[in-house]
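Okay, structure first, notes after.
The values are calculated or read from the model by the stated rules, or taken from the named source; none is laboratory data. As the structure is a computational prediction, the values presented were derived from the model and not from experiment. All Cβ positions, even for glycine, are placed from backbone atoms using ideal geometry, and neighbour counts span all protein chains on display. Side chains included, ligands, DNA and RNA excluded: accessible areas come from the protein's heavy atoms. Shrake-Rupley method; radii C 1.70, N 1.55, O 1.52, S 1.80 Å.
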Amino acid sequence: MVQDRVMEKLAILADAAKYDVSCSSGQSTRKNKNKGLGDTGSGICHAFTEDGRCVSLLKILLTNHCIFDCAYCVSRKSNDIKRAAFTVQEVVDLTIGFYRRNYIEGLFLSSGIFDNPDFTMERLVRIVKKLRLEENFNGYIHLKAIPGASQELLREAGLYADRLSVNVEMPTEQSLKLLAPDKNHADVIKPMEYLKNEIVGYQEEKKANYKTPLFAPAGQSTQMVIGATKENDMEILGMANYFYEQMKMRRVYYSGYVPISHDNRLPAIGTPVPMIRENRLYQADWLIRYYGFNVNEIVGFDQPNLDLDIDPKLGWALRNLHQFPVDINTADLELIQRIPGIGFLSAKKIVAARNFKRLQPDDLKKLGIAYSRSKYFLAFSSPFYMQKDLTSIQIKSQILNMQNSKYKNDFSNQLSLF
């Protein structure tokens, strides 16, 4: 009977957690010790749904009871849904049980807020402390930090969790006030700043004293809901860039809004989830973090939204044809990385390979370059496509004719653990 009640809670609270997409792990260095359970290295194996959501962690809420009434949230207090709450020990037992059966590699734990932030955060901390200290669990743990919780609880959480996250939810203060009148961005930024300073402080102390304990070694992340309100992509990417530069955020996640409410402030139920837009934002985010692009190069006041037909790098190239064609045998690494069809690692391979010979199209194909796309932007010893003076519209049309997008107006639920 007890097991049946726990399984019923799990069905409710795992389903409620599926809307939070910020659950990937990485860059944590927590090692196994004293013959404990699990080992978090440079990353863990994940299973993904077709829309890219991570499902390999035990991804649950501690409770879906909540004192807030955020219109975009399925757990809002006014929603007529079945409510449940785990005990601290139930979450510990589920995590260890699923891990031993090889169902999961770690825990992603969030929660609605019942009573007050400290009351909820204290229980989240108790769970991760029990896992680490009593169960000797060394697997990956991602814990949601509750806005408004005390700094003492946030600090304790960072000593036991691999990653902490505080979700900003709406990209702008105006939208947050529209859909969650009791919340504001300042309450989210404050714990972000505290965690940033603690992470940096512990990293510096670790350099001087190797015995210094880990503090959120996988950093912190946040999530923005996309498509619930009318922000353009320039506003969204501008906010993400702020988090990367000012909060030293490890990741910003973009969650396409899933219509769940009959509310005239929100898209109607049945409106397609903006999965393609979400994917384009991730691609743009990647360009900003790893390819040296500025937000203003990708979007601007003249084009505030990303092109849904093509990826952001191709979009930039088509708007900047004056920078092409590029001779990959002489161009610097940064410019080669900006050529559509050439990735971050492929660009490094090109620079390394050209030390031995002058590269030609066949050489690029052997290196795994998406030559059917990149050929429009390359120059070799003999005249090539760019010399034919193709316009950006013509190039875009030819590339689109060669590809079929795998993204559809669809939403794939979190995979079941059963």
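Among the numbered conditions (1) in a loop (DSSP other than H, G, I, E, B); (2) surrounded by fewer than 16 Cβ atoms within 10 Å (Cβ to Cβ), tell me where residue 207 comes up short.
(1)
Within segment 336-374, how many residues are part of a helix (DSSP H, G or I) and charged (D, E, K, R)?
So in segment 336-374, the residues part of a helix (DSSP H, G or I) come out as 336-337, 344-353, 361-366, 371-374.
Right, trim to charged (D, E, K, R) and you get 348-349, 362-363, 365-366, 373.
Looking only at that region, the number is 7.
Here are some conditions: (1) within 30 Å of residue 294 (Cβ to Cβ); (2) in the same structural domain as residue 129 (by TED's automatic domain parsing). Residue 263 meets all but one. Which one does it not meet?
Only one criterion is unmet by residue 263, namely (1).
Pick from segment 257-272 the residues that are among the hydroxyl-bearing types (Ser, Thr, Tyr) and either at pLDDT below 90 or buried (at least 16 other Cβ atoms within 10 Å of the Cβ) (or both): which of them is nearest to residue 74 (Cα to Cα)? Spell out how you get there, then give the answer.
Initially, segment 257-272 is screened for residues among the hydroxyl-bearing types (Ser, Thr, Tyr), giving 257, 261, 271.
Still in the running and either at pLDDT below 90 or buried (at least 16 other Cβ atoms within 10 Å of the Cβ) (or both): 257, 261.
On the way: 257: 11, 261: 8 Å.
Of everything passing the filter in segment 257-272, 261 is nearest to residue 74 (Cα to Cα).
Select from segment 254-302 the residues that are of a type in the set (D, E, K, R) and over 25 Å from residue 345 (Cβ atoms) and list them in ascending order. Spell out the reasoning first.
Initial filter on segment 254-302 (of a type in the set (D, E, K, R)): 263, 265, 277-278, 280, 285, 289, 297, 302.
Hits for segment 254-302 are 263, 265, 277, 302.
Which of the residues that make up segment 216-235 are in contact (Cβ under 8 Å) with a residue 60 or more places away in the chain and either among the aliphatic types (A, V, I, L, M) or part of a loop (DSSP other than H, G, I, E, B) (or both)?
Those that are in contact (Cβ under 8 Å) with a residue 60 or more places away in the chain and either among the aliphatic types (A, V, I, L, M) or part of a loop (DSSP other than H, G, I, E, B) (or both): 217, 218, 219, 225, 228, 231, 232, 234.
What about residue 273, is it assigned to a loop (DSSP other than H, G, I, E, B), in contact with a Phe, Trp or Tyr (Cβ under 8 Å, 6 or more places away or on another chain) and not assigned by TED's automatic domain parsing to the domain that holds residue 79?
Numbers: assigned to a loop (DSSP other than H, G, I, E, B): yes; in contact with a Phe, Trp or Tyr (Cβ under 8 Å, 6 or more places away or on another chain): yes; not assigned by TED's automatic domain parsing to the domain that holds residue 79: yes.
Judged against the criteria, residue 273 is a match.
State yes or no: is residue 242 open to solvent by 10 Å² or more (accessible area, probe 1.4 Å), farther than 19 Å from residue 123 by Cα, assigned to a helix (DSSP H, G or I) and in contact with a Phe, Trp or Tyr (Cβ under 7 Å, 6 or more places away or on another chain)?
On the way: open to solvent by 10 Å² or more (accessible area, probe 1.4 Å): yes; farther than 19 Å from residue 123 by Cα: yes; assigned to a helix (DSSP H, G or I): yes; in contact with a Phe, Trp or Tyr (Cβ under 7 Å, 6 or more places away or on another chain): no.
So residue 242 fails the test.
Just to be sure I understand, how many residues within segment 95-128 are without any contact (Cβ under 8 Å) to a residue 24 or more places away in the chain and part of a helix (DSSP H, G or I)? Show your work before the answer.
Here is the first cut: in segment 95-128, the ones without any contact (Cβ under 8 Å) to a residue 24 or more places away in the chain are 97, 101-102, 119.
So of that shortlist, the ones also part of a helix (DSSP H, G or I) come out as 97, 119.
Result for segment 95-128: 2.
From the list 154, 131, pick out the single residue that is part of a helix (DSSP H, G or I), within 29 Å of residue 237 (Cβ to Cβ), modelled with pLDDT of 95 or more and open to solvent by less than 10 Å² (accessible area, probe 1.4 Å). Give the steps one after another, and end with the answer.
On the way: 131 fails: within 29 Å of residue 237 (Cβ to Cβ).
Unique residue meeting the criteria: 154.
Would you confirm, using the coordinates I've provided, whether residue 169 is touching a strand residue (DSSP E or B) at 6+ places or on another chain (Cβ under 8 Å), more than 19 Å from residue 243 (Cβ to Cβ) and open to solvent by 10 Å² or more (accessible area, probe 1.4 Å)? Lay out the reasoning, then the answer.
Working: touching a strand residue (DSSP E or B) at 6+ places or on another chain (Cβ under 8 Å): yes; more than 19 Å from residue 243 (Cβ to Cβ): no; open to solvent by 10 Å² or more (accessible area, probe 1.4 Å): yes.
Here the answer is no, as residue 169 does not meet what is asked.
What number of residues in segment 302-327 are in a helix (DSSP H, G or I) and either crowded, with 20+ Cβ neighbours inside 10 Å or without any contact (Cβ under 8 Å) to a residue 40 or more places away in the chain (or both)? Even if it seems obvious, please write down each step before you answer.
The initial filter retains those residues of segment 302-327 that are in a helix (DSSP H, G or I), namely 312-319, 321-323.
From the residues that got through so far, the ones that are either crowded, with 20+ Cβ neighbours inside 10 Å or without any contact (Cβ under 8 Å) to a residue 40 or more places away in the chain (or both) too are 312-318, 322-323.
Adding up the residues that qualify gives 9.
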